[in-house]
Amino acid sequence: MQYLKKEIRERILVAAVEEFKEQGYADASIRNIANNAEISLGNIYRYFTNKEALYFAVINPFMESVKQFVDNDFIFADKSMKEISETLISFIMQFSDELLIIRKGNSVHYQSFVNYIIEVISGKIKELIAGVFPEIDDKIQNPEFYPALAEGFLTSFFKILKNDDPREVLERNARELITFYFGHMKDRFYHFDVGDDN
């Protein structure tokens, strides 16, 4: 009986990250992954039953990292907006490959990920505004306001996420977007009153 070797599995995963990042899920080739991992095509199926299993082997640890990040690191209490922004940018940089893979993934995987992230971001935005600017939260009556804001941010973020951008460009673009969406929150609502014609 032959035993599966951890180093071979890791080579397959590294090759899979590059293939999914470049080609997306639909156009990714198991043959290319096997060639780039320097193993036979038949041998790759000893480790992963099909392309979908390999895809999930790549993105599932990322999804778990997202959950841990949200629970442990993405905390607003006693943090400035700049600190929150830099924490988010650091996370984005750490998992930029996985984010690209998700963005280029097939519609089912992509949509389930997006729905989860929208829910998380929506809750965190509400937590931020309710905690820091309760008077703003009191003015917001639309129950879809926070999910809409979260979806807009995520959609915008995926548009700036390009695999050919250098790291410093991606960081700058992410920082600009975060500043636009979440900077100067006080100024956006203090002059807003329902029914005000001005």
Condition met for ASN35 (at pLDDT 90 or above and open to solvent by 80 Å² or more (accessible area, probe 1.4 Å)) = yes
inquiry  = Checking the conditions here, which among ALA16, ALA53 is in a helix (DSSP H, G or I) and open to solvent by less than 20 Å² (accessible area, probe 1.4 Å)?
reply    = ALA16
task = Inspect the stretch 64-77 for any residue being of a type in the set (Phe, Trp, Tyr), over 18 Å from ILE117 (Cβ atoms), touching a residue at least 24 places away in the same chain (Cβ under 8 Å) and outside any helix (DSSP H, G or I) and give the result as yes or no.
result = no
ask   = Among the residues of the stretch 24-31, is any touching a residue at least 40 places away in the same chain (Cβ under 8 Å), open to solvent by 50 Å² or more (accessible area, probe 1.4 Å) and over 20 Å from the mean Cα position of the chain (by Cα)?
value = no
query = For PHE76, all conditions in the list (1) over 17 Å from the mean Cα position of the chain (by Cα); (2) open to solvent by less than 60 Å² (accessible area, probe 1.4 Å); (3) modelled with pLDDT of 75 or more hold save one; what is the number of the exception?
reply = (3)
Given (1) more than 25 Å from the chain's Cα centre (by Cα); (2) open to solvent by 60 Å² or more (accessible area, probe 1.4 Å), index of the condition ASN43 fails = (2)
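The values are calculated or read from the model by the stated rules, or taken from the named source; none is laboratory data. From a predicted model like this one, the values you see are computed outputs, not experimental measurements. Counting neighbours? That spans all protein chains shown, and the Cβs are built from the backbone with ideal geometry, glycine included. For the accessible areas, the whole protein counts, side chains as well, though only heavy atoms, and no ligand, DNA or RNA atoms are used. Shrake-Rupley method; radii C 1.70, N 1.55, O 1.52, S 1.80 Å.
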